[in-house]
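Novice: Sharing a structure below in structure tokens format, with a few things to ask.
The values are calculated or read from the model by the stated rules, or taken from the named source; none is laboratory data. The structure presented is a predicted model; accordingly, all values stated were derived computationally and were not measured. Virtual Cβ from ideal backbone geometry, glycine too; neighbours counted across all protein chains shown.
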Amino acid sequence: MIKFFRHIRQNLLSENKTGKYLKYAIGEIILVVIGILIALQINNWNNDRNDRKLEKQYLAGLLNDLQSDSIAINDLIIMSNEQVRRKEKLHNYFDGHQFSNDSIAHFFAPQWGMPVGFVPNTVTLDEMKSSGGISLIGKQDIRKNIIEMYNTYQEFINGDQAYYERNRFELRKMAFKIPHVFDSASLNNAIKPDIVEALKNDELRNGILANYAIGVNKELITLQEKNHELLKLLTTYLSQL
């Protein structure tokens with residue numbers, strides 16, 4: 001094709017047809033420009049198609065991660081609900097109600113065991129951050145909601161959850177300092193110490209009456225609600241792509 005156009009130009013020049021040559025040269029330039037524009041358009045179309053494909057992959061990954069988070073949060077809420085129920089029974093004790101063979105170990109054994117905190121699944125988000133993929137999410141409000149959700153996760157982890165863990169640890173230390181009431185065997189071997197004797201310790205009693213578990217429980221429920229809202233938003237958006 002290039003040889004063909006060159007041959008035409010040489011013939012026009014050899015025949016001294018300068019006017020026709022200029023018209024031909026302009027036409028050739030226009031054809032080249034049109035070809036470049038078409039090539040750019042095709043390239044842009046391919047890039048956009050690849051971006052939309054990658055956007056769908058990221059959204060699908062985020063949905064899986066958020067669903068995993070929802071399950072983890074729900075498990076923590078179940079545990080937290082039980083802690084609140086036990087805390088309410090302790091409050092009833094201070095209101096004059098009686099326990100039947102209950103012990104402080106029974107009410108706070110989960111709290112004094114190994115910490116079980118919320119750890120969000122950030123696999124997809126981490127990949128998006130490292131590759132700049134967050135910008136591929138087409139709608140700005142969707143990007144904003146995704147970032148806000150993970151910021152909320154981190155605020156909970158660094159705030160309410162960390163605060164609860166510190167106080168839980170301090171409460172455990174206080175409990176096991178009480179002679180002949182708590183020791184390492186009391187929880188592991190299910191030996192039930194006398195709650196009445198244990199609660200004679202003012203420091204322990206005041207620590208137990210604090211609302212750490214209730215506060216975390218409320219925050220977990222709020223976290224779950226926000227998680228479900230984003231799941232619904234992303235599901236709808238993905239179905240429209």
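Novice: Between a first residue in region 126-140 that is at negative phi and a second residue that is among the β-branched types (Val, Ile, Thr) and part of a helix (DSSP H, G or I), which pairs have beta carbons less than 9 Å apart while being 6 or more apart in sequence or on different chains?
Specialist: Pairs that qualify, where the first residue is at negative phi and the partner is among the β-branched types (Val, Ile, Thr) and part of a helix (DSSP H, G or I), are Met128/Ile134; Met128/Ile146; Gly133/Thr124; Ile134/Ile146; Ile134/Ile147; Ile137/Ile146.
Novice: Here's another thing I want to ask about it. Would you check if Phe156 is surrounded by 11 or more Cβ atoms within 10 Å (Cβ to Cβ), at pLDDT below 75 and assigned to a helix (DSSP H, G or I)?
Specialist: Details: surrounded by 11 or more Cβ atoms within 10 Å (Cβ to Cβ): yes; at pLDDT below 75: no; assigned to a helix (DSSP H, G or I): yes.
It is false that Phe156 is surrounded by 11 or more Cβ atoms within 10 Å (Cβ to Cβ), at pLDDT below 75 and assigned to a helix (DSSP H, G or I).
Novice: With respect to Ile71, determine if the residue is within 15 Å of Leu223 (Cα to Cα), assigned to a helix (DSSP H, G or I) and at pLDDT 95 or above.
Specialist: Working: within 15 Å of Leu223 (Cα to Cα): yes; assigned to a helix (DSSP H, G or I): yes; at pLDDT 95 or above: yes.
Yes; evaluated as a whole, the condition is true for this residue.
Novice: Then there is this: What's the total number of residues in region 193-227 that are farther than 20 Å from Phe169 by Cα and modelled with pLDDT under 65?
Specialist: 1
Per-residue answers, yes or no, for (1) touching a helix residue (DSSP H, G or I) at 6+ places or on another chain (Cβ under 8 Å); (2) assigned to a helix (DSSP H, G or I); (3) at pLDDT 70 or above:
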residue	(1), (2), (3)
Asn92	no, yes, yes
Gly96	no, no, no
Asn101	no, no, no
Val116	yes, no, yes
Val119	yes, no, yes
Asp126	no, yes, yes
Lys129	no, yes, yes
Ile134	yes, yes, yes
Gly138	yes, no, yes
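Novice: Is it the case, given these coordinates, that Glu55 is of a type in the set (D, E, K, R) and at pLDDT 65 or above?
Specialist: Values: of a type in the set (D, E, K, R): yes; at pLDDT 65 or above: yes.
It is true that Glu55 is of a type in the set (D, E, K, R) and at pLDDT 65 or above.
Novice: Report, by residue number, each residue of region 129-156 that is of a type in the set (Phe, Trp, Tyr) and over 8 Å from the mean Cα position of the chain (by Cα).
Specialist: Result: Phe156, single match.
Novice: For region 202-217, which residues satisfy the criterion of being surrounded by fewer than 18 Cβ atoms within 10 Å (Cβ to Cβ) and aromatic (Phe, Trp, Tyr)? Steps first, answer last, please.
Specialist: Within region 202-217, the subset surrounded by fewer than 18 Cβ atoms within 10 Å (Cβ to Cβ) is 202-203, 205-206, 209-211, 214-215.
Answer for region 202-217, where residues must be surrounded by fewer than 18 Cβ atoms within 10 Å (Cβ to Cβ) and aromatic (Phe, Trp, Tyr): there is none.
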